[in-house]
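**Q** One structure, pasted below without further comment.
The values are calculated or read from the model by the stated rules, or taken from the named source; none is laboratory data. From a predicted model like this one, the values you see are computed outputs, not experimental measurements. All Cβ positions, glycine included, derive from the backbone under ideal geometry; neighbour counts span all protein chains shown. Heavy atoms of the whole protein, side chains included, go into the accessibility calculation; ligands, DNA and RNA do not. Shrake-Rupley method; radii C 1.70, N 1.55, O 1.52, S 1.80 Å.
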Amino acid sequence: MSVFGVQIHKAPAISALDLLLGDFDRDRFFSEHWEKGSLVIKHNDPERFSHLLNREQFIKEEVQHCDRIRANYDDPDGWASEVDILPDQAARFYEAGMTIAALDLRETGPRKEFLEAFRAEVFPMAPVHFSSYYSPHTKGYCLHFDTYPAWLMQVEGSKHWYISRKPALKNPQFNIVFPPDREVLELPWITLQKPDVENPDEFWSVMLEPGDVIYMPAATWHQARAEDYSLGLTLASAQISAFDMLLAVVQHSLPAPEFQVLAERIGGMDAAQARDGKLSDDLESLLAERLELFKNLVARIEVPNLCRAFELLSQTPPEQMMKREPKRDV
């Protein structure tokens with residue numbers, strides 16, 4: 001099967017969306033929640049995600065092979081803090097009362113089958129990957145939102161979540177952690193009021209049990225605390241914009257003979273020869289020629305080219321795409 005000339009692989013027998021959504025109507029999910037609003041699904045199925053991860057496997061294997069390991073904690077003033085740790089330190093930091101975050105888990109076994117199924121069932125799709133969070137009693141994360149959409153899958157233990165029903169803003173450029181000592185957060189690009197997590201009209205308040213799922217669009221406020229302990233999986237998606245697709249098409253066009261000159265280095269000029277800080281006639285003429293060539297390239301781009309670019313970007317290794325995400329602003 002193909003769309004705009006892009007080959008879409010047939011979905012595997014194992015349905016990732018069925019595992020996540022259960023009986024929840026898919027059409028309703030994509031029309032009402034996908035990139036629009038959060039969703040809590042209580043499956044009442046404790047073994048639903050047990051084939052993907054367990055506590056013993058997490059400590060003995062997954063922390064040894066993931067892309068990065070962090071210990072997360074609140075400092076004495078209530079500010080969210082984190083430190084990179086070594087695999088052999090994970091158990092000790094957990095016993096000290098910190099949440100252990102294993103980022104970008106291995107894509108192997110049942111998790112590999114799940115991710116392949118998810119990529120086949122959701123098209124087009126940005127790169128996705130699994131991370132896991134292991135929290136001791138009363139520990140978790142303070143109020144924040146992220147730049148990417150995510151599915152939260154409870155594997156073992158319990159965790160109490162506050163989840164905003166709607167995203168705080170569209171297309172967030174930074175992850176935001178709300179400071180514990182402020183009611184208003186003023187940033188150069190936006191001013192945010194501290195949301196009332198106890199308002200049921202604006203927030204879900206839910207105890208996630210094994211087998212339960214939360215879907216969150218980007219910029220969804222959330223905070224969590226474990227009850228006794230909690231082991232969860234997060235299925236996160238990188239961000240791909242129309243600009244990313246256009247840039248990918250341009251970059252893949254540069255090897256063509258008629259466009260190779262766009263990739264050539266532009267030589268410098270003697271600053272003493274500049275006229276009141278302006279470019280020389282020769283350099284200005286050269287840039288004008290290059291600009292006209294670039295316009296001609298862009299004029300040839302069509303929708304099937306962008307679809308193909310999206311497919312190529314969706315196959316980019318997740319760690320490369322996720323590392324493009326902005327760091328937390330606060």
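**Q** Looking at 169, 185 in this structure, which one is surrounded by fewer than 19 Cβ atoms within 10 Å (Cβ to Cβ), assigned to a strand (DSSP E or B) and not β-branched (Val, Ile, Thr)? Please lay out each step first, then the result.
**A** Details: 169 fails: assigned to a strand (DSSP E or B).
None of the others qualify; the one that does is 185.
**Q** Would you check if residue 185 is within 22 Å of the chain's Cα centre (by Cα) and of a type in the set (A, V, I, L, M, F, W, C)? It would help to see each step written out before you state the result.
**A** Working: within 22 Å of the chain's Cα centre (by Cα): no; of a type in the set (A, V, I, L, M, F, W, C): yes.
Considered against the rule, which asks whether it is within 22 Å of the chain's Cα centre (by Cα) and of a type in the set (A, V, I, L, M, F, W, C), residue 185 comes out as no.
**Q** Being within 23 Å of residue 176 (Cα to Cα) and either in contact with a helix residue (DSSP H, G or I) (Cβ under 6 Å, 6 or more places away or on another chain) or not in a strand (DSSP E or B) (or both), is that true of even one residue in the range 103-120?
**A** Residues of the range 103-120 that are within 23 Å of residue 176 (Cα to Cα), as a first pass: 103-104.
Within this subset, residues satisfying the condition of being either in contact with a helix residue (DSSP H, G or I) (Cβ under 6 Å, 6 or more places away or on another chain) or not in a strand (DSSP E or B) (or both) are 104.
The answer is yes, given that some residue of the range 103-120 is within 23 Å of residue 176 (Cα to Cα) and either in contact with a helix residue (DSSP H, G or I) (Cβ under 6 Å, 6 or more places away or on another chain) or not in a strand (DSSP E or B) (or both).
**Q** Please go through the range 219-265 and give me each residue that is open to solvent by less than 40 Å² (accessible area, probe 1.4 Å), in a strand (DSSP E or B), polar (S, T, N, Q) and closer than 19 Å to residue 162 by Cβ, ordered by number.
**A** Selection gives 230, 234.
**Q** OK, next. In the list 108, 138, which residue meets the criterion of being in contact with a strand residue (DSSP E or B) (Cβ under 6 Å, 6 or more places away or on another chain) and surrounded by fewer than 22 Cβ atoms within 10 Å (Cβ to Cβ)?
**A** Values: 108 fails: in contact with a strand residue (DSSP E or B) (Cβ under 6 Å, 6 or more places away or on another chain).
Sole residue among the options that is in contact with a strand residue (DSSP E or B) (Cβ under 6 Å, 6 or more places away or on another chain) and surrounded by fewer than 22 Cβ atoms within 10 Å (Cβ to Cβ): 138.
**Q** Is it the case that residue 29 is crowded, with 16+ Cβ neighbours inside 10 Å and either assigned to a loop (DSSP other than H, G, I, E, B) or in contact with a strand residue (DSSP E or B) (Cβ under 6 Å, 6 or more places away or on another chain) (or both)? Quick ask: steps written out before the conclusion?
**A** On the way: crowded, with 16+ Cβ neighbours inside 10 Å: yes; either assigned to a loop (DSSP other than H, G, I, E, B) or in contact with a strand residue (DSSP E or B) (Cβ under 6 Å, 6 or more places away or on another chain) (or both): no.
Criteria not met by residue 29.
**Q** Right, here's the next one. Which of the residues spanning the range 271-330 are open to solvent by 40 Å² or more (accessible area, probe 1.4 Å), in a loop (DSSP other than H, G, I, E, B), within 20 Å of residue 249 (Cα to Cα) and modelled with pLDDT of 70 or more?
**A** Matches in the range 271-330: 300, 302.
**Q** On to the next question. Pairs under 9 Å by beta carbon, first residue free of Cβ contacts under 8 Å to residues at least 40 places away in the same chain in the range 179-196, partner open to solvent by 40 Å² or more (accessible area, probe 1.4 Å) and polar (S, T, N, Q), six or more apart or different chains?
**A** Going by the 9 Å Cβ cut-off, the qualifying pairs are 183/193; 184/191; 184/193; 189/173.
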